[in-house]
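Step one of this worksheet: look at the structure below.
The values are calculated or read from the model by the stated rules, or taken from the named source; none is laboratory data. Remember, it's a predicted structure, so these values are computed and weren't measured experimentally. Neighbour counts are summed over all protein chains in view; Cβ atoms, including those assigned to glycine, are modelled from backbone coordinates with ideal geometry.
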Amino acid sequence: MLADRLKTLAPSSTLAVQAKARELRRRGVDVISFGAGEPDFDTPERIKDAAIQAMRQGHTKYTEVGGVPELRAAVCGKFKRDNGLAYEPADVLISCGAKHTLFNMVVALLNPGDEVLVPSPFWVSYPEQARLVGAVPVAVPTQERTGFDLDPERLRAALTPRTKAIILNSPNNPTGAVFSPAALAAVAALAVERKLLVVSDECYEALTFEGRHVSIAGLGPEIQARTLTINTCSKAYAMTGWRIGFAAGPRELIRAMTDVQSQVTSNPSSVAQWAAVEALAGPQDDVAKMAGEFDRRRHLIVQGLNTLPGVSCVMPKGAFYAFANVSGLFGRAWRSAEGLKILKGSLDVTAFLLEEAKVAVVPGVDFGSDDHVRLSYATSAALISDGLSRMAAALTRLA
Ligand code: PMP
Ligand code: GLU
């Protein structure tokens, strides 16, 4: 019954882990979830108030497909204020979350057979979206010993005549890497030389704890002309459910992505758009407050993970994920409900932690590394401490 493209489609495992933890909790199982890639904070009141006001004022109809002019202007203001980037509203598209922005991009940009370089570990949706349109994602490994920094030489080595784009994500999901300015400059030069499009997913920009967030488009007019810069209200403003993502870039591409969107979803929710105007253009103190709390939790979880036998974790510099190396556990055995099992990869470790510790994590294999599991620390310090203790206790039961 289904299209061939569904034969290779893997559903989003980040969302699947979240759903599984929620389901277990509903059944009364006391699960601690490090799965959810979403802030546990509530959306700030000033933003909710703006949405209520928008509804009262009758902003309840279709809007311009690409977003109301006020929001596109607020996005331009944000890019200027935070990134030093000059864009006009015609260079901007508002979509139903940055995930939707990215999908508009693959539909508008990629032909079947086109190759897209994806530094690995990568966020689960990049390769799947590319495959959905028949394009070929090419994983290009980064190295744990450099903190998973971008590797320009490996990217260069992976280029073929079919390479059309590179997807960058800094701060990175799942590794927490903040790509170094030198590596970004080298990749910018490569993209200009080889006429590639750079897709720069900067969704975790506000959560940069070490180093400096660099927007690659800011490295010069030539690279800005071939970069699609993507961001979202989801993380910085704890607005995951509102579904507002945005992009700015080459006008021809933005126009094409807007045309795609016009045939698929039309505008994102009008009410959410007005909330986003307040989020981006209003006072920004709530952003720093939330980021400060994530930073404290970052130290707590990474220190705790590094005390677990067989587990190691490099200190992430941004986002809210710890990408723990669990390969030291491989070969150990545990007695599961279905009998004795040997831990052989990240899926086994994930199953072991859920069953034995009642802790939910996401297997690294879905992000391109079977040696790791991802833990989101967008959860309270108390739950982080409790989860770490549970994992420590479960590990003592390994044979
Ligand atoms: N990019 C990355 C790297 C992400 O982790 C996510 C998930 N939140 C997104 C994009 C999409 O976010 P949203 O669709 O909520 O804007
Ligand atoms: N991006 C978050 C994550 O990686 C949310 C879930 C998703 O959209 O994949 O967990």
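Among the residues of the range 229-249, is any more than 16 Å from ligand 2 (Cβ to nearest atom), within 14 Å of the chain's Cα centre (by Cα) and under 30 Å from Ser346 (Cβ atoms)? There is no residue in the range 229-249 that is more than 16 Å from ligand 2 (Cβ to nearest atom), within 14 Å of the chain's Cα centre (by Cα) and under 30 Å from Ser346 (Cβ atoms). Contact map, the range 303-330: first residue without any contact (Cβ under 8 Å) to a residue 60 or more places away in the chain, second residue of a type in the set (A, V, I, L, M) and within 15 Å of ligand 1 (Cβ to nearest atom), Cβ cut-off under 8 Å, separation 6 or more or different chains; pairs are Cys313/Ala322; Ala324/Leu375.
Counting only residues that are more than 18 Å from Met257 (Cα to Cα) and not in a loop (DSSP other than H, G, I, E, B), how many does the range 106-124 have?
Taking the range 106-124 and keeping what is more than 18 Å from Met257 (Cα to Cα), we get 113, 115, 117-124.
Those left that are additionally not in a loop (DSSP other than H, G, I, E, B): 115, 117-120.
Residues in the range 106-124 being more than 18 Å from Met257 (Cα to Cα) and not in a loop (DSSP other than H, G, I, E, B): 5 in total.
Of the residues Gly368, Gly364, the single one that is within 16 Å of ligand 2 (Cβ to nearest atom), of a type in the set (Gly, Ala, Ser), surrounded by fewer than 24 Cβ atoms within 10 Å (Cβ to Cβ) and modelled with pLDDT of 95 or more is Gly368. Kindly evaluate Phe122 against the criterion of being modelled with pLDDT of 95 or more, farther than 16 Å from Ser180 by Cα and within 16 Å of ligand 1 (Cβ to nearest atom). So Phe122 fits the description; yes.
Looking at the range 64-104, which of its residues are within 16 Å of ligand 2 (Cβ to nearest atom) and touching a residue at least 40 places away in the same chain (Cβ under 8 Å)? Give the derivation first.
Kept after step one, since they are within 16 Å of ligand 2 (Cβ to nearest atom), are these residues of the range 64-104: 95-104.
Once the filter is applied, which keeps residues that are within 16 Å of ligand 2 (Cβ to nearest atom) and touching a residue at least 40 places away in the same chain (Cβ under 8 Å), the range 64-104 yields Ser95, Cys96, Gly97, Ala98, Lys99, His100, Thr101, Leu102, Asn104.
The numbered conditions (1) away from ligand 2 (no atom under 16 Å from the Cβ); (2) of a type in the set (A, V, I, L, M); (3) touching a residue at least 24 places away in the same chain (Cβ under 8 Å) are all true for Leu6 except (3). Which of the following residues is within 22 Å of Ile166 (Cβ to Cβ) and of a type outside the set (Val, Ile, Thr): Pro69, Pro112, Pro89? So the residue among Pro69, Pro112, Pro89 that is within 22 Å of Ile166 (Cβ to Cβ) and of a type outside the set (Val, Ile, Thr) is Pro112. Screening the range 374-386 for residues that are within 23 Å of the chain's Cα centre (by Cα) and more than 13 Å from ligand 2 (Cβ to nearest atom) and picking the one that is nearest to Phe323 (Cα to Cα) gives Ile384.
A count restricted to the range 106-117 and to residues that are within 15 Å of ligand 1 (Cβ to nearest atom) and surrounded by fewer than 24 Cβ atoms within 10 Å (Cβ to Cβ) stands at 0.
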